[in-house]
Amino acid sequence: MSGPLLQVRDLHVSHRIGRRSLPAVRGMDLDVAPGEVVALVGESGSGKSSAVRGITQLIRPERGSVLLDGTDLVGLRGKALRRARRDIQMVFQDPYSSLDPSMSVAELIGEPLIVHTAQGRAERRRTAVEMLEMVGLRAEHADRYPHEFSGGQRQRIAIARALVLRPKLVVADEAVSALDVSSQNQVLALLQELIAELGVACLFITHDLAVVRQIADRVAVMYLGTLVEQGPADVLFDAPQHPYTRALLSAAPVADPVVQRSRQRVRLTGELPDPMNPPTGCVFSSRCPDAIARCHEEAPADRRPRPDSSVACHLVEADPALQPSLP
Amino acid sequence: MTTPLLSVRDLTVEFAVRGSWQPVVTDVSFDVMPGQVVALVGESGSGKSVSCFALLRLHGDSGRTSRGEVLFDGRDLLSLSEREMADVRGNEISMIFQEPMTSLNPAFTVGSQIAEVVRRHRGASRAEARKRAIEVLDLVGIPRAASRIGDYPHQFSGGMRQRVMIAMALATDPRMLIADEPTTALDVTIQAQILDLVKDLARDFGMGVLLVTHDLGVVADACDEVVVMYAGQVVERAECFDIFARPRHPYTAGLMRSLPRVDGMGEIEIIPGTPPMPDQFPEHCRFAARCPHAVAACEAGPVALEPRVNGGAVRCVRTLELDLRRTPEGSLA
């Protein structure tokens, strides 16, 4: 087993609001192996989009490192950053605003080739047409403009644009959330097929847990700027450990009335904390139904109930073989 | 047998497209009983939002209702004067729209916007209206409601804004609530709370609810009856448990199989292609072009909405010969 493709360590991302600083990501560790699909889930305000921006260097992280294939992206500038970005491409949520309406489809898909390769005009066009066919569109679409396409087709174009450089990692930020049910499934299936075929790893950001279950190998759950739990998708869905993960999963309705109406929901108490002023101790302590005194005083370290998962909760038993013994 | 609170009969809505009237919604019929939550399900463009707007007569000048009846408590809303209709809207029937940011006025405090509704419809005094605003904000779970009524919409998060919208809709104790994708923009934990609230109001106060959604998880959680729309028509209508257990229309079955489920059960099957646009609606079955079970008879002529086995109605010529249940291993015991 080779090392991780993406290795994020102690990532901190802040936004400046007036004279104050809003800590959006506060110490995140995350690995993505080559070819692996990792879903980053969390509710609005959890910091998942900020984390993505910190990882892709769209925002300069305040602290921490983002190793892509061994190169730390944090602190890279100019040409070096541009070269590194070739390997990490994005698909954004809204295909209506992420594609320049004044560029034809061939130009949109070929644009990354201008920046990153020496391909000439004719060659770029050939590559763009190849990509179009790969995403299920046709060569004659090459000279059309974004407004002539449906949302699902536009997202296919955005995927072609992201994959044209054959990156090692695709970061998809709510890439299917804006689409209708049937095109959502078609685009999701396409993305899944292409990343498998090209061996691209994918960091998939979403709030839709049913989509996660379908696409992800591993899942990382964010709450108020920190990762509270991560592990293989099956393990996390079938036996969530962190009280927040349990609450989140139990709130997502199952499309079967017999199952749905017999489920027990973990109800959250308390108010959503103010990110400017996070609770002391565990970030989730102010809303946790299981919190004990210790949770309000001391932030829990990551524990490892299994070799391939970690949970930040005082109440979770770690596997003693995987944990340094306590003094 | 109680009489329906809302009874929609053969509702047909047309929009002006390039100088001619184009039917966008055709012959939509369904009932909502007091205390019942009815789901109106379909993809975008299926006509579910247009139907809601039309039954409240909110479709504007580019649209017209060319046929049908909308009986609310026995009165035909389509024959009321504009003034009488304005008294029904927001008072007896409230509507929640999908986008809470554009439905609230950014220039007024949320308290004054809720109070305005109460004063308009209930003739309440300023003080009474303010008290009612605090009450309903509290009811929908806005913390410290009394201190937040002076805040403006931008000072609330998306979930909180949607709760404000719901509070406004409930402020006059309406007998009927029409909610167009009320939880689509919300996080799942907030969605669950809002659905609980809607269910409680239906159960405790006998409020009828028409819930427009594309999310079958929401339907499974909250609804009593399901109306499935495709390309401007009702294709199937049935009791919630029954339609999930055994859909009788291939589109309903396809929709159910195409959704990933959070419990990981069932294989995903994708419906190929896209729904037709209104100017391409065929005379025959509108789903035939995408239907895995289509035969020559499906394209022979218009298909009527017929009574369905186990109650409800279905629009499919092959419904009696098809078994559209999920395979036994895909279903839960």
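Throughout, read-outs are computed from the coordinates displayed, never taken from laboratory work. Computed from a predicted model, the values in this text were never measured in an experiment. Cβ sites come from the backbone with ideal geometry, for glycine too, and all protein chains shown count toward neighbours.
Full extension from A:His147 to A:Arg267: what is 0.36 nm times the residue separation minus their Cα-Cα distance, to one decimal in nm?
38.8 nm
Which of A:Lys79, B:Lys199, A:Lys48 has the fewest other C-beta atoms within 10 Å, and how do the rest follow up to the most?
A:Lys79, B:Lys199, A:Lys48
Would you work out which of A:Leu188, A:Val129, A:Ser310 lies farthest towards the positive end of the dipole of chain A? Charges go on Cβ: Lys and Arg +1, Asp and Glu -1.
Selected residue: A:Val129.
Order by neighbour count: B:Asp180, A:Asp256, fewest other Cβ atoms within 10 Å first, most last.
Ordered by Cβ neighbours within 10 Å, fewest first: B:Asp180, A:Asp256.
In debye, nearest 20: dipole of segment B:84-170 around its Cα centre with unit charges on the Cβ of K, R (+) and D, E (-)?
So the dipole magnitude of segment B:84-170 works out to roughly 280 debye.
First select every other residue whose beta carbon is under 11 angstrom from the beta carbon of B:Gly264; then total the charges, Lys and Arg +1, Asp and Glu -1.
Local charge sum for B:Gly264: -2.
Could you grab the relative contact order for segment A:1-117? Cα pairs under 8 Å, six or more apart, rounded to a whole percent.
25 percent
Any idea what angle helix B:110-122 forms with the longest principal axis of chain B, computed on alpha-carbon atoms, 0 to 90 degrees, nearest 10?
Taking Cα atoms only, the helix is inclined about 80 degrees.
Quick one: of the DSSP bridges fully inside the protein assembly as shown, what percent are antiparallel, nearest 5?
Within the protein assembly as shown, antiparallel bridges account for around 60 percent of the total.
Suppose each label sits 7 Å from its Cα in the direction of the beta carbon; what would the B:Asp151-A:Arg126 distance come out to in nanometres?
6.0 nm
Apply the Karplus curve 6.51 cos²θ - 1.76 cosθ + 1.60, θ = phi - 60°, to the phi angles in segment A:25-31 and return the couplings in whole Hz, x for Gly and Pro.
Listing the rounded values in order: 10, 10, x, 10, 10, 8, 10 Hz.
Among the lysines, which fall within straight-line cross-link reach of B:Lys199, defined as a Cα-Cα distance under 23 Å, with same-chain neighbours fewer than 8 residues apart omitted?
B:Lys48
What angle, in degrees between 0 and 90 and rounded to the nearest 10, separates the Cα long axis of helix A:121-134 from the longest principal axis of the Cα atoms of chain A?
50 degrees
Can you compute the radius of gyration and Dmax for chain A, using only the Cα atoms, both in Å?
20.9, 69
Among A:Ser250, A:Ser97, B:Ser94, rank each residue by its count of other Cβ atoms within 10 Å, from fewest to most, as a rough exposure measure.
Going from least to most buried by this count: A:Ser97, A:Ser250, B:Ser94.
Report the charge-dipole magnitude of segment B:27-119 in Debye, nearest 20, computed about the Cα centre from +1 at each Lys and Arg Cβ and -1 at each Asp and Glu Cβ.
Charge dipole, segment B:27-119, about its Cα centre: 140 debye, nearest 20.
GNM on chain A, C-alpha springs below 10 Å: top fluctuator among A:Ala293, A:Ala239, A:Ala160?
Among A:Ala293, A:Ala239, A:Ala160, the largest GNM mean-square fluctuation belongs to A:Ala293.
Can you give the % of DSSP beta bridges in chain A that are antiparallel, to the nearest 5?
Counting only bridges with both partners in chain A, antiparallel ones make up about 60 percent.
Once amide H atoms are built 1.01 Å from N in the peptide plane, which residues 5 or more positions from B:Val212, or in another chain, come under 5 Å H to H?
Counting only residues 5 or more places away or on other chains, the set is B:Leu40, B:Ala179, B:Asp180, B:Glu181.
Under unit Cβ charges (Lys, Arg +1; Asp, Glu -1), what dipole magnitude, rounded to 20 debye, does segment B:75-125 have relative to its Cα centre?
Computed about the Cα centre, the dipole is about 180 debye.
Take peptides B:26-36, B:53-63 and line them up by average Cβ neighbours within 10 Å, highest first, as a rough protection proxy.
B:26-36, B:53-63
Starting from the Kirkwood Rh over alpha-carbon pairs, what translational D in µm² s⁻¹ does segment B:100-173 have by Stokes-Einstein at 4 °C and 1.567 mPa s?
111 µm²/s
Considering every residue in A:64-76, what mean count of other chain Cβ atoms within 10 Å of its Cβ is obtained?
0
Taking Cα pairs under 8 Å and at least six residues apart, what relative contact order does chain B come out at, in percent?
Answer for chain B is 20 percent.
What net charge do the residues around B:Pro275 carry, taking every other residue with its C-beta under 11 Å from that of B:Pro275, with Lys and Arg at +1 and Asp and Glu at -1?
In short, 0.
Taking the 0 to 90 degree range and rounding to the nearest ten, how far is the long axis of helix B:158-170 tilted relative to the main principal axis of chain B, both from C-alpha atoms?
Roughly 80 degrees between the two axes.
How shielded is A:182-195 by partner chains, expressed as the average number of their Cβ atoms within 10 Å of its Cβ atoms?
For this peptide, the per-residue mean of nearby foreign Cβ atoms is 3.
How about A:Lys48: which lysines have a C-alpha closer than 26 Å to its C-alpha, ignoring those fewer than 8 places off in the same chain?
Cα-Cα hits under 26 Å: A:Lys168.
How well do other chains shield peptide B:219-229, expressed as the mean number of their Cβ atoms within 10 Å of each residue Cβ?
Average neighbour count from other chains, rounded to a whole number: 3.
Quick one: compute the contact order of segment B:100-173, relative version, from alpha carbon pairs under 8 angstrom and 6+ residues apart, as a percent.
46 percent
How big is the antiparallel share of DSSP beta bridges in chain B, given as a percent to the nearest 5?
Around 60 percent of the beta bridges assigned by DSSP in chain B are antiparallel ones.
Using amide H atoms built in the peptide plane, which far-off residues or other-chain residues are under 5 Å from B:Val17 H to H?
Here the answer is B:Gln22, since their amide H atoms fall under 5 Å of that of B:Val17.
Whole-Hz Karplus ³J(HN,Hα) for segment B:179-186, in order, using 6.51 cos²θ - 1.76 cosθ + 1.60 and θ = phi - 60°, x for Gly and Pro?
10, 9, 6, x, 10, 4, 8, 9
For B:Gly47, list long-range residues whose amide hydrogen, built 1.01 Å from N in the peptide plane, is under 5 Å from its own amide hydrogen.
B:Gly232
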